[in-house]
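Peer 1: This is the structure I want to talk about, given as structure tokens.
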Amino acid sequence: MKTLTKLAAIVAATAVATPAFAAPVSDSNGSARVNIVRGLSLTSTGDIDFGTIVLPGSGTGAVSSTIAIDSAGDVTATCGTGFTCSLATGDTSTFESYDLTGTRNVNVNITIPNEALIYVDGNTANPSLTVTLDPSLTGGVSGASSTVYTETLPNSGAAGSAAAFNFTIGGSITVPDNQADGAYTGTFQVSADYE
């Protein structure tokens, strides 16, 4: 009996002294990230100015004049019979100029409408003309009413400083000989967002 008690004590001590085998531990590192960009600033200066177009004494809509101002301000004019146009081919006129600033070396989508309406006295209830817009940007993706251009802001200047990108917009307008007279004005919206 003494032997049996000693044997039971040895088995009990061995059970207490032997560590239990746990399941293997697996580690995995997590990660975190953030992308910090400057707010975009888009400002414009100038206007697309088609000058003055004098209509003939009477008109049926059969004759028209077309004035085009490209994105560099160069004018191409087809002044119809009986019209007087203050701008002629080879002249220069004003165009819309844009300055875009934001984070360096980042892609930006610039959305420009394909056309803009201008109205007598700027009032949408009055007669209108359509201006077909002509931006200096190339390679855009055209949609039904606008074109999206993807541009990379330049990687220039000191680290942490804003990058500047410039572009211009010209346009063309066709005026029939029976168009209502008046001072036509209007606006169009250009927008920019990070890609």
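Peer 1: As a footprinting exposure proxy, order V34, V120 by other Cβ within 10 Å, with the fewest listed first.
Peer 2: If I rank by nearby Cβ atoms, fewest first, I get V34, V120.
Peer 1: Can you bin every Cα-Cα distance in region 101-193 into 10 Å intervals starting at zero and give me the percent of pairs per bin, rounded to whole numbers?
Peer 2: For region 101-193, the pair-distance distribution reads 15, 36, 26, 16, 7, 1.
Peer 1: Right, next: Distance in nm between label sites at A162 and V63, each 7 Å beyond Cα in the beta-carbon direction?
Peer 2: 5.1
Peer 1: Mean shadow of the chain, computed from the convex hull of its alpha carbons, in nm²? Write out the running numbers ahead of the final one.
Peer 2: Details: hull surface 88.4 nm².
With the hull built on Cα positions only, its mean projection is 22.1 nm².
Peer 1: Go through region 19-94 and name the chymotrypsin sites (Phe, Trp or Tyr not before Pro) that are in a DSSP coil and have 12 or fewer other Cβ atoms within 10 Å of their Cβ. Provide the component values of the computation, followed by the final result.
Peer 2: On the way: sites: F21, F50, F83; in loops: F21, F50, F83.
Answer in residue order: F21.
Peer 1: Which ordering of D134, D91 is given by a fewest-first count of other beta-carbon atoms within 10 Å? Before the final figure, lay out each step's value.
Peer 2: Values: D134 19, D91 16.
So the residues, fewest neighbours to most, are D91, D134.
Peer 1: For N126 and Q189 in one chain, what is 0.36 nm times their gap in residues minus the Cα-Cα distance, to one decimal in nm?
Peer 2: Details: separation 63, 0.36 × 63 = 22.68 nm, distance 2.03 nm.
In short, 20.6 nm is gained.
Computed from the coordinates by the stated procedures, all read-outs in this text should not be read as laboratory data. Source: prediction; values computed, not measured. Note that we place each Cβ from the backbone using ideal geometry, even for glycine, and neighbour counts take in every protein chain shown.
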